[in-house]
Amino acid sequence: MLEIRNLHVHYHKVAALKGIDITVPNDGIVTIIGANGAGKSTTLRAISGLVPISQGEIVFSGKRIDRLAPEKIVGLGVAHVPEGRRVFPNLTVEENLRSGAFLRSDKAAINADFDDVVRHFPRLKERRKQWARSLSGGEQQMLAIGRALMSRPKMLILDEPSMGLSPVMVQEVARIIRDIVERGVPVVLVEQNAEMALRLARFAYVLETGSIALKGPAHELHDNEHVRRAYLGG
């Protein structure tokens, strides 16, 4: 579904990505792990058109998207849940969710998808009239994911969805990600919680200082000595 080929990204004269290649199939979870500053979030932002690329190609469903505006990329079916959730604090839960469908005009289908999302996230249904700023961190993460699903994506990219959450909420987020994949939406997952990411994913990439250091089936990287030492605590 997604092909990243020889991708380079620079911030001014500093190379953030140095010719990476990543393939995402049309099902399952692909995870990108690595230390802070390795280029993980930059990779996702490049896919979404939020940072310009210096060289390379990004192809989604057979179409080059690396020169498209972010809203055009969303319209093609790529939904991005950014690091830090970034819900609209002064809108209600329902308004936040419906904002995810801003590119759509099929009102009946939007209403059906809204009902499906709040059924999938019962806490959001309970809080649909509350301001988003009043939600807990875990509830805001559910809201950010639900808002992305309202665009009816063909692929979902998640940037640090477990950041700052309690262990119980981390497990809840993991369950939500599995459910999304079971609904037929492939996921690209960037996670500092490498243990969770490698247990969820089918395939994994390890980014180090802007380059792919390792790649392979996630269960194999989970048992890799370097990965265990560097990212799994021994």
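Using label points projected 7 Å from each Cα along Cα→Cβ, tell me how many nm separate Ser136 and Ala112, to one decimal.
Distance between the two pseudo-spin positions: 3.4 nm.
Rounded to the nearest whole Å³, what is the per residue volume of the convex hull around the Cα atoms of segment 17-104?
Looking at segment 17-104, the number lands at 133 Å³ per residue.
For the chain, give the magnitude of the charge dipole about the Cα centre (Cβ charges: +1 Lys/Arg, -1 Asp/Glu; no others), in debye to the nearest 20.
560 debye
Over segment 86-201, consider all pairs of different Cα atoms and compute the Kirkwood hydrodynamic radius from their mean reciprocal separation; express it in Å, one decimal.
Mean inverse Cα-Cα distance, inverted, gives 14.4 Å.
Work out how much length Lys72 to Arg119 would gain on full extension: take 0.36 nm times their residue separation and subtract the Cα-Cα distance, in nm to one decimal.
14.1 nm
Let me know the Kirkwood hydrodynamic radius for the chain, please, with Cα pairs as the basis and the value in Å to one decimal.
Radius from the Kirkwood sum: 18.0 Å.
How much length is gained if the chain between Arg5 and Gln192 is pulled fully straight, taking 0.36 nm per residue apart and subtracting their Cα-Cα distance, in nm to one decimal?
64.9 nm
Given the chain, what count of lysine pairs have C-alpha atoms under 16 Å apart, with each pair 8 or more places apart or on different chains?
So the count of such lysine pairs works out to 6.
Rounded to the nearest 20 debye, what is the charge dipole size of segment 143-197 about its Cα centre when +1 sits on each Lys and Arg Cβ and -1 on each Asp and Glu Cβ?
340 debye
Once whole DSSP H runs in the chain are found, which of them have Cα atoms spread over 15 Å or more along the helix axis and a mean Kyte-Doolittle score of at least 0.0?
137-149, 167-182
Give, in nm to one decimal, the length gained when the segment between Asp179 and Arg199 is fully stretched (0.36 nm per residue of separation minus the Cα-Cα distance).
5.7 nm
Hey, if you put +1 on the Cβ of every Lys and Arg and -1 on every Asp and Glu Cβ in the chain, which of Gly233, Asn6, Leu135 ends up farthest toward the positive end of that dipole?
The residue sitting most towards the positive pole is Leu135.
By counting other Cβ atoms within 10 Å of each Cβ, how are Tyr231, Tyr11 ranked from fewest to most?
Tyr11, Tyr231
Which order do His222, His80 fall in if you start with the one that has the fewest other Cβ atoms within 10 Å?
Listed from fewest to most nearby Cβ atoms, that is His222, His80.
Projected onto the charge dipole of the chain (+1 at Lys/Arg Cβ, -1 at Asp/Glu Cβ, origin at the Cα centre), which of Asn193, Val24, Ala109 gives the Cα projection farthest towards the positive end?
Ala109
Given the DSSP H assignment, sum -39500 (n - 2.57) over each helix run of at least 4 residues in the chain and divide by its residue total; what's the result at 222 nm in deg cm²/dmol, nearest 500?
Here the helix-only value at 222 nm equals -10500 deg cm²/dmol.
Values in this text are rule-based calculations from the coordinates and carry no lab data. Everything numeric in this text was worked out from a predicted model, so none of it was measured. Glycine also receives a Cβ, built like all others from the backbone with ideal geometry; neighbour counts cover every protein chain displayed.
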